[in-house]
Structures are given as structure tokens and as C-alpha cells.
Amino acid sequence: MLILNWKMNPKSLTEANKLIFAYEKQIQDLKIKPRSILIAPPSLFLPVLVQKHPDFIFGGQNCSDQDQGALTGEISASMLKSAGAGFVILGHSERKKMGESLALINRKIIAALKNKIKVVLCFGEIVKPKNFQTAPSEWRRQAKILFNQLDQFKNLGRDLIVAFEPAWAISVNRQGSVSIEYLNLFIRWFRAETEKKIKHLPLIYGGSVDAEVVKLFQSAEIKGFLIGSKSLEPSEFGKISRAYYN
Ligand code: PGA
């Protein structure tokens, strides 16, 4: 699966529609199962995009941990769902920068799962570790909080996707590239650490994904990619799709 995080782009619904028509052109010759490309536009655009483009799945980029109430500016998981969202991205490092704690993200995951909306959880360290062998202790610290009380949900393997996306590797604050060895270190750690409690969670990778990264990580046991900046450029999206689906 390819998950496209548009962040706060594009500027208008008209441009959002144009972007999707441009995607369709790019992938028309590829054999792609309908609805295996997931798009997270600004949530205001959801109802129209869901109606107009049934071949794609749309989702939110965030939701509240509460269902409703006096919370100006917030959008709940059930509201996203009623707008047609099939998933929600939670725990993105840009939201952490705005002050989201791991405990809040954990409550959001629970709220989304209770409302039967799939979660794409961004997971990974903010600061590039000096020595990659020390990363697992930070991953362990995060996992303890993020996965707290998730054993109440059956079928987590269907409803929770974990995107390994170290903040230092995403394009806006890039301090280096994730190597295949590092990705594999994470995958091995994740499987060993969480498999006893939470089984078979699909893993994907995010962080400066382009067609080269897709090719580089072809052998890794991941189920797809989370794509930010390159998803706003149809030709780059086309290259990524050709690298992934061919
Ligand atoms: P990027 O963004 O692909 O531009 O690095 C990924 C993300 O922030 O989810």
C-alpha cells in the first residue's frame, strides 16, 4: 500500500481534485488494486474527495482523543468516519512538534479504534541516534506508552498499521537517510518486542520516500510506504508507483 500524507496542502479543493486526476493519469497503465492507495488530505476536503474518487481510500491526518465536547477546533474520530475517512494518521512527528505527547497519541489511537477507523501510527525517534545500536532503547520507551491498553482490541493486525518514520529522516528536517540495515534492525526489534502482545501488525516505511527509496527497500518485510512531499508532485508519485507496483 502507498499512503500519501498531503499535510496542509494543496491550497484548495479544486487543486486537490486536480492532483488526484493527475495521479490517475500517472497510474493508468499499472495494475493496481483499487483502493490500495490511501490519501490523507486536509480533512475539510474529505467528503467531496470521497464522493468523487471512489478508487482511492481517504483518511485524516489527526483526530481528537475525545468523541465530542467543548474542544474548539478539534475533530473526532467519529466525525472523520462520518465524513468518509477509512483511516487516520496518528503520532506524526510534526504533530509531536506541536506538543502532542506519546500518552495523548495513545489515547487518540484508542479513540480511533473504538470508532472502527484504521490507524496509521507514525513511530520512530525524533533525534538521529549517534550510534544506531542505541535506538532500540528509545523505541522501547515509545512502544511502552503508545501500545498501552491496545490488547483490548481484537484484530489489531487489520486495524493498526505502524509506519517506521524517524523524524530526522523526513524531508523537511532531513539529517540523513535510513539504510536498509537500519530499517531491518527496526523490523527485527519490532517483531521481537511486540509480537508476544500484539501480533502481525503491518509495518510500512516513511521518510523522504521517492522511487529510489522504494527500490532500495524492496527486500524489506514491509507492506508499503508513507509518502509526504513527493506525493504532491504527480510525476514523482508516478515514479514511486511504477517502482512499487511493477
Ligand atoms: P516526506 O514526509 O516524504 O516528505 O519525508 C513524510 C511524512 O512526513 O509523513
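A short reminder: the numbers here are calculations on the coordinates, not readings from a lab. Note that the coordinates shown come from a computational prediction; the quantities given were computed from them, not determined experimentally. Cβ atoms come from the backbone with ideal geometry, glycine included; neighbour counts cover every protein chain shown.
With the cut-off at 1.5 for a/c, could you classify the chain from its C-alpha gyration tensor as rounded, prolate or oblate? Walk me through the intermediate numbers first.
Values: a/c = 1.57, a/b = 1.10, b/c = 1.43.
Oblate.
Using only DSSP helix segments of four residues or longer, with each worth -39500 (n - 2.57), what per-residue ellipticity at 222 nm results for the chain after dividing by its residue count and rounding to 500?
-11000 deg cm²/dmol
Could you work out the relative contact order of the chain? I mean the mean sequence separation of Cα pairs under 8 Å and 6+ apart, divided by the number of residues, in percent. List each step's numbers first, then the result.
On the way: 414 pairs, mean separation 50.9, N = 246.
It comes to 21 percent, rounded to a whole number.
Taking the Cα centroid of the range 65-82 and of the range 200-221, what is the distance between the two, rounded to the nearest whole Å?
32 Å
Taking just the alpha carbons, could you work out the radius of gyration and Dmax for the range 22-135, both in angstroms?
According to the Cα coordinates of the range 22-135, Rg and Dmax are 16.3, 48 Å.
Using Cβ counts within 10 Å as a stand-in for footprinting exposure, how do SER137, SER208 rank, fewest first?
Values: SER137 10, SER208 19.
Fewest to most other Cβ atoms nearby, the residues stand as SER137, SER208.
Return the single residue from LYS11, LYS25, LYS215 with maximal mean-square fluctuation; model: Gaussian network over the chain, springs between Cα atoms under 10 Å.
Among LYS11, LYS25, LYS215, the largest mean-square fluctuation in the Gaussian network model of the chain belongs to LYS11.
Test of understanding: ordering THR194, THR134 by Cβ neighbours within 10 Å, fewest first, what list do you get? List each step's numbers first, then the result.
On the way: THR194 18, THR134 10.
Going from sparsest to densest Cβ surroundings: THR134, THR194.
Once the Cα atoms of the range 1-54 are picked out, what are the Rg and Dmax in Å?
Gyration radius and largest Cα-Cα distance of the range 1-54: 11.0, 31 Å.
Pop out the ³J(HN,Hα) list for the range 38-55 in order, Karplus 6.51 cos²θ - 1.76 cosθ + 1.60 with θ = phi - 60°, rounded to Hz; leave Gly and Pro as x.
Along the range 38-55, the couplings run 10, 10, 10, x, x, 5, 4, 7, 3, x, 6, 5, 4, 5, 7, 10, x, 6 Hz.
Looking at the chain as a GNM with Cα springs under 10 Å, which of GLN142, GLN133, GLN26 has the largest mean-square fluctuation?
Highest fluctuation of the listed residues: GLN133.
Pairs LYS81/LYS116; LYS33/LYS230; LYS18/LYS230; LYS7/LYS97: which exceed 18 Å Cα-Cα? Don't skip to the answer; put the middle values down first.
Numbers: LYS81/LYS116 8 Å; LYS33/LYS230 21 Å; LYS18/LYS230 16 Å; LYS7/LYS97 14 Å.
Too far apart for the 18 Å limit: LYS33/LYS230.
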